[in-house]
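See structure below.
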Amino acid sequence: MDSTHYLIEIERLALLGDGVGHITTGGKEKGKAAFVAYSLPGEKILAQKVLDKKKYSRWIPQSIVQGSLDRIEPACPYHFRPGQTALWCGGCNWQLFPVEQQREAKRDLVMETLERLGGISDAPPIEVLFAEKSWRYRNNVQIVFGKRAQRVIGGFYAPGTHALVPIDDCLMQAQPSIHSFTVFKETAEALGLQPYETKGDRGGLKQLLIRTNEAGEVHLVLVTRKASFPEREKCVQLIAARCPEVVSIYQNVQPERTSVMSGKQWIHLWGRKKIEEHLCDLKIACSPGAFLQVNTSAAEVLYRKAIEEVFPEPGMTVLDLYCGVGSLSLMAARSVEHVIGIDELPAAIDDARENARENGIAHADFFASTVESFLQETSSVLGALSNRLVVIVDPPRSGCRGEVISQLLTLTPRRIVYLSCDPATLARDLKMLSAQYHLSAVTVVDLFPQTSHIEVIARLEKKVPERELG
């Protein structure tokens, strides 16, 4: 860390949650942007430089010279405090101001991003939706393990490092999740399980993945370097005996020295093979590696709004791209003629098919394929449906690949409903789609309270050719 300190006045918030000011080296012109973590607009921060690039720099507050009236004390003991020298957890970077103001900031950031990166100056008013819970809402967590003073510790990495911040609690997690983590940590130490060390490639225990449903049931996944590890059976027995909330235990094998959380091998050790959730009046079963939104109550708000934007009607076909375990597909299937779901993860597609059977939905078909391959192989069939076809797109953070955007422009569905967890890649994709589509509605759903992460629903309507308007 650079020893340089500078007084920076914060002008606005940036997408990843930092405050933004400018360093002026002389004269009246603004210098390059200075991104100051854990700061708010209007504040004057004495900050220390941590990164210096040609066009921007990054800083950490050492003291708040002039604070915002919105600033509050973070509830979590592991959250950053100005001038802090000990490591801190970087998971919830917006605990420093109230959740109501967080939502306003997210709306403003989406509007600014659509205009700056998407060239959209006439975006419709942005609606903001949220669920009741803003604490202990997460239904999954990944905990990393290490050793300190010969004791097993578990926690999260400090921002931008692989230095472990040990925790005893997390205010984002439900209590059953915290209890099962505590019992597992005690069990690992009692049995002499050795946490993995990158240096020397030693030890076997890498992570613990915990998924919790709204009923308080817990699904555990032990991520290890090898398929076998000492006292595995004893470990499972002790956890099952001490944690009545745990209904399923898996092992995932990740032999690589990589930042990728899990490997390809899944081993069912005990209990149920899938965790079940009730979502929007649907019974949804999920395999351990399949994707579910991390905030179940807010996911219901998100999905109901997304289906509302589909404007489902009889005779319509809905194409659900990146469908996961099929939640949106099955919701849409209640009101349309046919639904087709696509996901490249075979286990997720297996779950989607099972969920369709479990919920008595016969007119939903699911295919394990990349989106690019499926659209290419079915272009002629889907093209014939374009006037009664609506596409739901829920891609990863990186957004849609250029090939997918091109295929959608060729397919010309009547409507596109785009769910995004990154406003920047959403704005990029909307800009490419704007040749044929008009942005008709934008909704921000606060899926991640206390953090700067933003979930957005955008509805795009196919433009009517000018010759048809006359």
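Since every read-out is calculated from the coordinates, none of them should be taken as a lab result. These numbers were taken from a predicted model, which means no experiment stands behind them. All Cβ positions, glycine included, derive from the backbone under ideal geometry; neighbour counts span all protein chains shown.
A few notes on this one:
- Residue 197-residue 258 pseudo-label distance in nm [points 7 Å out on the Cα-to-Cβ vector]: 2.5
- A convex hull fitted to the Cα coordinates of segment 5-71 yields 86 cubic angstrom per residue.
- Per-residue Cβ neighbour rank within 10 angstrom, fewest leading, 331, 432, 316: 432, 316, 331
- Residues residue 56 and residue 214, FRET efficiency given R0 of 56 Å [Cβ-Cβ distance, rounded to 0.05]: 0.85
- Shown for 22, 219: other C-beta atoms within 10 Å of each C-beta, ranked fewest to most, produce the order 22, 219.
- Packing order of peptides 435-441, 37-43, 13-19, highest average first: 37-43, 13-19, 435-441 (average count of other Cβ atoms within 10 Å over each peptide's residues).
- Overall form of segment 114-179 per C-alpha gyration tensor (a/c, 1.5; a/b vs b/c): oblate
- Based on every Cα atom in the chain, Rg and the maximum pairwise Cα distance Dmax equal 24.0, 79 Å.
- For the peptides 387-393, 100-106, residues were scored by their other Cβ atoms within 10 Å and the scores averaged per peptide; the highest-first order is 387-393, 100-106.
- Compactness of segment 140-273, expressed as Rg and Dmax over alpha-carbon positions, Å: 13.8, 42
- Taking the three principal axes of the alpha carbon atoms in segment 32-143, the coordinate ranges are 44, 39, 32 Å, sorted in descending order.
- Taking 99, 339, 221 and counting other C-beta atoms within 10 Å, the order from fewest to most: 99, 221, 339
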